[in-house]
Amino acid sequence: RALGLPWSVAELETADVRERQRQLQLEQALHGALERGEFALHYQPQLDFASGRIVGCEALLRWHPPGLGPVPPVQFIGLLEESGQIVEVGAWALREAARQAAAWERAGLPLRVGINLSPRQFLNPQLPRHIEQALQASGVTPARLELEITESLTMHDVEHAIALLRRFRALGVSVALDDFGVGHSSLAYVLQFPIDALKIDRAFVTHVTRGRTDRAIVRAIVALAQALGVETIAEGVENQRQCDFLEALGVTQAQGYLIGRPMPAAALQELATQYRRA
Ligand code: C2E
Ligand code: CA
Ligand code: CA
Ligand code: CA
(Lines give C-alpha, C1' and ligand atoms only; values in the text may rest on other atoms or scores of the structure.)
(Ligands and ions follow the chains in the order given, each with its own letter.)
Protein backbone atom coordinates (compact mmCIF):
# COMPACT_ATOMS: atom_id res chain seq x y z
CA ARG A 1 0.00 0.00 0.00
CA ALA A 2 1.24 3.44 -0.90
CA LEU A 3 2.66 5.41 2.06
CA GLY A 4 1.86 2.49 4.34
CA LEU A 5 -1.61 3.85 5.02
CA PRO A 6 -4.29 1.39 6.16
CA TRP A 7 -6.43 2.21 3.14
CA SER A 8 -5.47 2.48 -0.51
CA VAL A 9 -6.60 5.51 -2.52
CA ALA A 10 -8.88 3.23 -4.50
CA GLU A 11 -10.50 1.94 -1.33
CA LEU A 12 -11.00 5.47 -0.06
CA GLU A 13 -12.61 6.44 -3.35
CA THR A 14 -14.90 3.44 -3.19
CA ALA A 15 -15.98 4.38 0.33
CA ASP A 16 -16.60 7.91 -0.87
CA VAL A 17 -18.69 6.69 -3.80
CA ARG A 18 -20.69 4.37 -1.54
CA GLU A 19 -21.34 7.23 0.86
CA ARG A 20 -22.59 9.39 -1.99
CA GLN A 21 -24.77 6.56 -3.31
CA ARG A 22 -26.32 6.16 0.12
CA GLN A 23 -26.97 9.93 0.27
CA LEU A 24 -28.67 9.82 -3.11
CA GLN A 25 -30.73 6.81 -2.08
CA LEU A 26 -31.89 8.57 1.08
CA GLU A 27 -32.58 11.79 -0.80
CA GLN A 28 -34.83 9.90 -3.20
CA ALA A 29 -36.54 7.99 -0.41
CA LEU A 30 -37.35 11.29 1.30
CA HIS A 31 -39.59 12.40 -1.56
CA GLY A 32 -43.13 11.90 -0.35
CA ALA A 33 -41.97 10.28 2.91
CA LEU A 34 -44.20 12.59 4.95
CA GLU A 35 -47.28 11.82 2.84
CA ARG A 36 -46.57 8.10 3.14
CA GLY A 37 -46.53 8.44 6.93
CA GLU A 38 -42.93 7.31 7.35
CA PHE A 39 -42.08 9.81 10.08
CA ALA A 40 -42.80 9.40 13.77
CA LEU A 41 -41.96 11.30 16.91
CA HIS A 42 -40.33 9.61 19.86
CA TYR A 43 -40.28 11.27 23.26
CA GLN A 44 -37.40 11.39 25.72
CA PRO A 45 -38.32 11.98 29.39
CA GLN A 46 -37.05 14.88 31.48
CA LEU A 47 -36.84 14.43 35.26
CA ASP A 48 -37.45 17.34 37.60
CA PHE A 49 -35.18 17.09 40.67
CA ALA A 50 -37.41 19.09 43.03
CA SER A 51 -40.57 17.05 42.51
CA GLY A 52 -38.96 13.75 41.49
CA ARG A 53 -41.38 13.63 38.57
CA ILE A 54 -41.20 13.48 34.81
CA VAL A 55 -42.33 17.00 33.92
CA GLY A 56 -41.52 17.07 30.26
CA CYS A 57 -39.97 15.37 27.27
CA GLU A 58 -38.21 16.15 24.03
CA ALA A 59 -39.86 15.13 20.78
CA LEU A 60 -37.31 13.58 18.42
CA LEU A 61 -37.98 12.80 14.79
CA ARG A 62 -37.71 9.18 13.61
CA TRP A 63 -37.74 8.03 9.99
CA HIS A 64 -38.27 4.45 8.94
CA PRO A 65 -38.40 4.13 5.14
CA PRO A 66 -39.55 0.64 4.09
CA GLY A 67 -36.63 -1.50 2.98
CA LEU A 68 -33.94 0.87 4.23
CA GLY A 69 -34.25 0.34 7.97
CA PRO A 70 -34.51 3.11 10.56
CA VAL A 71 -32.35 6.10 9.57
CA PRO A 72 -30.87 8.22 12.39
CA PRO A 73 -31.62 11.98 12.37
CA VAL A 74 -27.98 12.88 11.68
CA GLN A 75 -28.36 11.17 8.31
CA PHE A 76 -31.59 12.82 7.17
CA ILE A 77 -32.20 16.13 8.99
CA GLY A 78 -29.44 17.73 6.92
CA LEU A 79 -31.00 16.41 3.69
CA LEU A 80 -34.43 17.76 4.69
CA GLU A 81 -32.79 21.07 5.52
CA GLU A 82 -30.95 21.28 2.17
CA SER A 83 -34.05 20.48 0.13
CA GLY A 84 -36.29 22.74 2.18
CA GLN A 85 -38.58 19.81 3.08
CA ILE A 86 -37.78 20.49 6.73
CA VAL A 87 -40.36 23.31 6.70
CA GLU A 88 -43.18 20.88 5.91
CA VAL A 89 -41.87 18.05 8.08
CA GLY A 90 -41.23 20.54 10.88
CA ALA A 91 -44.79 21.87 10.63
CA TRP A 92 -46.05 18.27 10.89
CA ALA A 93 -43.81 17.67 13.92
CA LEU A 94 -45.20 20.80 15.60
CA ARG A 95 -48.79 19.66 15.01
CA GLU A 96 -48.01 16.12 16.16
CA ALA A 97 -46.18 17.21 19.31
CA ALA A 98 -48.97 19.65 20.20
CA ARG A 99 -51.62 16.97 19.59
CA GLN A 100 -49.73 14.56 21.86
CA ALA A 101 -49.24 17.16 24.59
CA ALA A 102 -52.97 17.94 24.48
CA ALA A 103 -53.82 14.23 24.74
CA TRP A 104 -51.56 13.87 27.80
CA GLU A 105 -53.11 16.96 29.30
CA ARG A 106 -56.60 15.48 28.91
CA ALA A 107 -55.33 12.25 30.49
CA GLY A 108 -54.28 14.25 33.56
CA LEU A 109 -50.57 14.27 32.67
CA PRO A 110 -49.47 17.86 32.15
CA LEU A 111 -46.20 17.19 30.31
CA ARG A 112 -44.20 19.89 28.54
CA VAL A 113 -43.07 18.79 25.08
CA GLY A 114 -39.89 20.20 23.55
CA ILE A 115 -39.62 20.43 19.78
CA ASN A 116 -36.48 21.19 17.78
CA LEU A 117 -36.45 23.99 15.22
CA SER A 118 -33.98 23.91 12.33
CA PRO A 119 -32.35 27.02 10.84
CA ARG A 120 -34.41 26.86 7.64
CA GLN A 121 -37.61 26.46 9.66
CA PHE A 122 -36.71 29.36 11.91
CA LEU A 123 -36.12 31.63 8.92
CA ASN A 124 -39.33 30.58 7.16
CA PRO A 125 -41.99 33.30 7.30
CA GLN A 126 -44.70 30.62 7.76
CA LEU A 127 -43.32 29.45 11.11
CA PRO A 128 -45.47 31.66 13.37
CA ARG A 129 -48.55 30.49 11.45
CA HIS A 130 -47.49 26.85 11.80
CA ILE A 131 -47.14 27.30 15.55
CA GLU A 132 -50.52 29.03 15.83
CA GLN A 133 -52.17 26.27 13.81
CA ALA A 134 -50.59 23.57 15.98
CA LEU A 135 -51.89 25.33 19.10
CA GLN A 136 -55.37 25.88 17.72
CA ALA A 137 -55.87 22.43 16.25
CA SER A 138 -54.73 20.69 19.44
CA GLY A 139 -56.16 23.02 22.06
CA VAL A 140 -53.06 22.41 24.19
CA THR A 141 -52.07 24.91 26.88
CA PRO A 142 -49.49 26.90 24.87
CA ALA A 143 -46.81 26.85 27.60
CA ARG A 144 -46.66 23.03 27.30
CA LEU A 145 -45.06 23.46 23.91
CA GLU A 146 -41.37 24.31 24.21
CA LEU A 147 -39.46 25.41 21.11
CA GLU A 148 -35.82 24.31 21.22
CA ILE A 149 -33.58 26.71 19.38
CA THR A 150 -29.80 26.77 18.94
CA GLU A 151 -27.42 29.63 18.75
CA SER A 152 -26.75 28.91 15.06
CA LEU A 153 -30.39 29.82 14.34
CA THR A 154 -30.15 33.23 15.86
CA MET A 155 -26.61 34.25 14.97
CA HIS A 156 -27.17 35.82 11.58
CA ASP A 157 -29.81 38.32 12.50
CA VAL A 158 -30.06 38.80 16.23
CA GLU A 159 -32.69 41.54 16.06
CA HIS A 160 -34.96 39.41 13.90
CA ALA A 161 -34.45 36.39 16.16
CA ILE A 162 -35.37 38.37 19.27
CA ALA A 163 -38.49 39.76 17.58
CA LEU A 164 -39.53 36.24 16.54
CA LEU A 165 -38.97 34.81 20.01
CA ARG A 166 -41.06 37.63 21.50
CA ARG A 167 -43.80 36.75 19.05
CA PHE A 168 -43.71 33.09 20.08
CA ARG A 169 -43.79 33.99 23.73
CA ALA A 170 -46.76 36.27 23.07
CA LEU A 171 -48.54 33.13 21.81
CA GLY A 172 -47.75 31.62 25.20
CA VAL A 173 -45.27 28.95 24.07
CA SER A 174 -41.99 28.33 25.89
CA VAL A 175 -38.50 28.67 24.45
CA ALA A 176 -35.37 26.71 25.39
CA LEU A 177 -31.83 27.44 24.27
CA ASP A 178 -30.50 24.05 23.08
CA ASP A 179 -26.90 22.74 23.17
CA PHE A 180 -26.00 25.58 25.47
CA GLY A 181 -22.31 26.17 26.15
CA VAL A 182 -20.84 24.72 22.96
CA GLY A 183 -21.35 27.79 20.79
CA HIS A 184 -19.43 31.00 20.64
CA SER A 185 -22.03 33.48 21.74
CA SER A 186 -21.12 35.99 24.37
CA LEU A 187 -23.00 36.25 27.61
CA ALA A 188 -24.32 39.67 26.66
CA TYR A 189 -25.74 38.20 23.48
CA VAL A 190 -27.54 35.35 25.22
CA LEU A 191 -28.95 37.64 27.88
CA GLN A 192 -31.01 39.46 25.26
CA PHE A 193 -33.07 36.40 24.39
CA PRO A 194 -36.45 35.91 26.01
CA ILE A 195 -36.17 32.25 27.08
CA ASP A 196 -37.59 29.83 29.65
CA ALA A 197 -34.83 27.23 29.85
CA LEU A 198 -31.18 26.54 29.10
CA LYS A 199 -30.30 23.03 27.93
CA ILE A 200 -26.77 22.16 29.02
CA ASP A 201 -25.01 20.30 26.23
CA ARG A 202 -24.03 16.68 26.73
CA ALA A 203 -20.38 17.65 26.18
CA PHE A 204 -20.23 19.13 29.70
CA VAL A 205 -22.50 16.59 31.34
CA THR A 206 -20.37 13.60 30.28
CA HIS A 207 -17.34 14.66 32.33
CA VAL A 208 -19.10 16.54 35.11
CA THR A 209 -18.02 13.87 37.61
CA ARG A 210 -14.37 13.95 36.51
CA GLY A 211 -13.33 17.26 35.04
CA ARG A 212 -12.99 20.44 37.07
CA THR A 213 -13.43 22.50 33.92
CA ASP A 214 -16.73 20.91 32.95
CA ARG A 215 -17.95 21.23 36.50
CA ALA A 216 -17.03 24.91 36.52
CA ILE A 217 -18.90 25.42 33.24
CA VAL A 218 -22.02 23.71 34.55
CA ARG A 219 -21.79 25.79 37.72
CA ALA A 220 -21.52 28.99 35.65
CA ILE A 221 -24.51 28.03 33.47
CA VAL A 222 -26.58 27.29 36.59
CA ALA A 223 -25.64 30.67 38.08
CA LEU A 224 -26.62 32.37 34.83
CA ALA A 225 -29.94 30.50 34.69
CA GLN A 226 -30.71 31.34 38.29
CA ALA A 227 -30.01 35.02 37.63
CA LEU A 228 -32.37 34.87 34.66
CA GLY A 229 -34.95 32.84 36.56
CA VAL A 230 -35.00 30.04 33.97
CA GLU A 231 -34.78 26.23 34.20
CA THR A 232 -31.63 24.26 33.44
CA ILE A 233 -32.03 20.93 31.65
CA ALA A 234 -28.90 18.75 31.55
CA GLU A 235 -28.68 16.62 28.39
CA GLY A 236 -27.04 13.23 27.97
CA VAL A 237 -27.27 12.09 31.60
CA GLU A 238 -26.16 8.46 31.42
CA ASN A 239 -25.36 7.41 34.97
CA GLN A 240 -26.44 8.01 38.56
CA ARG A 241 -23.19 9.73 39.56
CA GLN A 242 -23.66 12.37 36.86
CA CYS A 243 -27.25 12.80 37.94
CA ASP A 244 -26.27 13.31 41.60
CA PHE A 245 -23.51 15.75 40.65
CA LEU A 246 -25.86 17.79 38.50
CA GLU A 247 -28.50 17.94 41.20
CA ALA A 248 -25.88 19.06 43.72
CA LEU A 249 -24.71 21.77 41.31
CA GLY A 250 -28.25 23.15 41.22
CA VAL A 251 -29.36 21.92 37.80
CA THR A 252 -33.16 21.66 37.86
CA GLN A 253 -33.89 18.90 35.33
CA ALA A 254 -32.17 15.90 33.77
CA GLN A 255 -32.58 14.23 30.39
CA GLY A 256 -30.61 11.21 29.18
CA TYR A 257 -30.44 7.45 28.80
CA LEU A 258 -30.39 7.04 32.60
CA ILE A 259 -33.93 8.40 32.87
CA GLY A 260 -35.02 6.97 29.54
CA ARG A 261 -34.21 6.72 25.85
CA PRO A 262 -36.44 8.41 23.28
CA MET A 263 -39.57 6.19 23.18
CA PRO A 264 -43.04 6.02 21.65
CA ALA A 265 -45.70 8.22 23.27
CA ALA A 266 -47.48 5.34 25.04
CA ALA A 267 -44.26 4.20 26.74
CA LEU A 268 -43.48 7.76 27.84
CA GLN A 269 -46.95 8.10 29.32
CA GLU A 270 -46.47 4.85 31.24
CA LEU A 271 -43.09 5.96 32.59
CA ALA A 272 -44.38 9.38 33.67
CA THR A 273 -47.32 7.70 35.41
CA GLN A 274 -44.99 5.30 37.28
CA TYR A 275 -42.95 8.25 38.57
CA ARG A 276 -46.11 9.92 39.86
CA ARG A 277 -47.08 6.79 41.79
CA ALA A 278 -43.61 6.31 43.30
P1 C2E B 1 -30.51 17.27 20.02
O2 C2E B 1 -31.60 18.26 19.86
O3 C2E B 1 -29.31 17.72 20.79
O4 C2E B 1 -31.18 15.97 20.67
C5 C2E B 1 -30.58 15.18 21.66
C6 C2E B 1 -29.93 13.96 21.04
O7 C2E B 1 -29.16 13.30 22.03
C8 C2E B 1 -30.93 12.92 20.53
O9 C2E B 1 -30.35 12.28 19.40
C10 C2E B 1 -31.00 11.94 21.70
O11 C2E B 1 -31.42 10.65 21.34
C12 C2E B 1 -29.57 11.96 22.15
N13 C2E B 1 -29.42 11.56 23.55
C14 C2E B 1 -30.30 11.74 24.54
N15 C2E B 1 -29.85 11.27 25.71
C16 C2E B 1 -28.61 10.79 25.47
C17 C2E B 1 -27.62 10.16 26.30
O18 C2E B 1 -27.78 9.95 27.50
N19 C2E B 1 -26.45 9.79 25.70
C20 C2E B 1 -26.22 9.99 24.36
N21 C2E B 1 -25.08 9.59 23.85
N22 C2E B 1 -27.15 10.59 23.55
C23 C2E B 1 -28.32 10.98 24.09
P24 C2E B 1 -31.18 12.03 18.05
O25 C2E B 1 -32.58 11.62 18.36
O26 C2E B 1 -30.34 11.10 17.23
O27 C2E B 1 -31.22 13.44 17.38
C28 C2E B 1 -30.06 14.07 16.94
C29 C2E B 1 -30.31 15.51 16.55
O30 C2E B 1 -31.19 15.57 15.42
C31 C2E B 1 -30.97 16.34 17.63
O32 C2E B 1 -30.01 16.76 18.57
C33 C2E B 1 -31.56 17.46 16.80
O34 C2E B 1 -30.58 18.43 16.53
C35 C2E B 1 -31.92 16.77 15.51
N36 C2E B 1 -33.37 16.48 15.52
C37 C2E B 1 -34.04 15.41 16.02
N38 C2E B 1 -35.37 15.52 15.83
C39 C2E B 1 -35.56 16.72 15.19
C40 C2E B 1 -36.73 17.42 14.70
O41 C2E B 1 -37.89 17.02 14.85
N42 C2E B 1 -36.50 18.62 14.07
C43 C2E B 1 -35.25 19.13 13.91
N44 C2E B 1 -35.13 20.30 13.29
N45 C2E B 1 -34.15 18.50 14.36
C46 C2E B 1 -34.29 17.30 15.00
CA1 CA C 1 -32.87 19.44 21.21
CA1 CA D 1 -29.42 19.30 22.53
CA1 CA E 1 -26.41 18.17 20.90
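The values are calculated or read from the model by the stated rules, or taken from the named source; none is laboratory data. Keep in mind the model is a prediction, meaning the values are calculated, not measured. Every residue, glycine among them, receives a Cβ derived from its backbone with ideal geometry; neighbour counts consider all protein chains shown. Areas reflect the complete protein model, heavy atoms only, side chains present, ligands, DNA and RNA absent. Shrake-Rupley method; radii C 1.70, N 1.55, O 1.52, S 1.80 Å.
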Taking region 250-262 only, how many residues are away from ligand 2 (no atom under 16 Å from the Cβ), in contact (Cβ under 8 Å) with a residue 24 or more places away in the chain and either within 11 Å of TYR43 (Cβ to Cβ) or surrounded by fewer than 19 Cβ atoms within 10 Å (Cβ to Cβ) (or both)?
-> 1
Residues of region 120-146 satisfying the condition of being basic (Lys, Arg), touching a helix residue (DSSP H, G or I) at 6+ places or on another chain (Cβ under 6 Å) and within 16 Å of LEU164 (Cα to Cα) | ARG120
Is it fair to say GLY172 is under 25 Å from GLU96 (Cβ atoms), more than 16 Å from ligand 4 (Cβ to nearest atom), in contact (Cβ under 8 Å) with a residue 24 or more places away in the chain and open to solvent by 40 Å² or more (accessible area, probe 1.4 Å)?
-> no
What pairs can you find where one residue is in region 66-78 and β-branched (Val, Ile, Thr), the other is open to solvent by less than 60 Å² (accessible area, probe 1.4 Å), and their Cβ atoms are less than 8 Å apart, with a gap of 6+ or different chains?
-> VAL71/LEU26; VAL71/TRP63; VAL71/PRO65; ILE77/LEU61; ILE77/ILE86; ILE77/SER118
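Given ALA278, ALA272, which one is open to solvent by less than 60 Å² (accessible area, probe 1.4 Å), aliphatic (A, V, I, L, M) and more than 16 Å from the chain's Cα centre (by Cα)? Please lay out each step first, then the result.
Working: ALA278 fails: open to solvent by less than 60 Å² (accessible area, probe 1.4 Å).
Unique residue meeting the criteria: ALA272.
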So, of the residues in region 204-214 that are of a type outside the set (S, T, N, Q) and open to solvent by 50 Å² or more (accessible area, probe 1.4 Å), which turns out to be farthest from ASN239 (Cα to Cα)?
-> ARG212
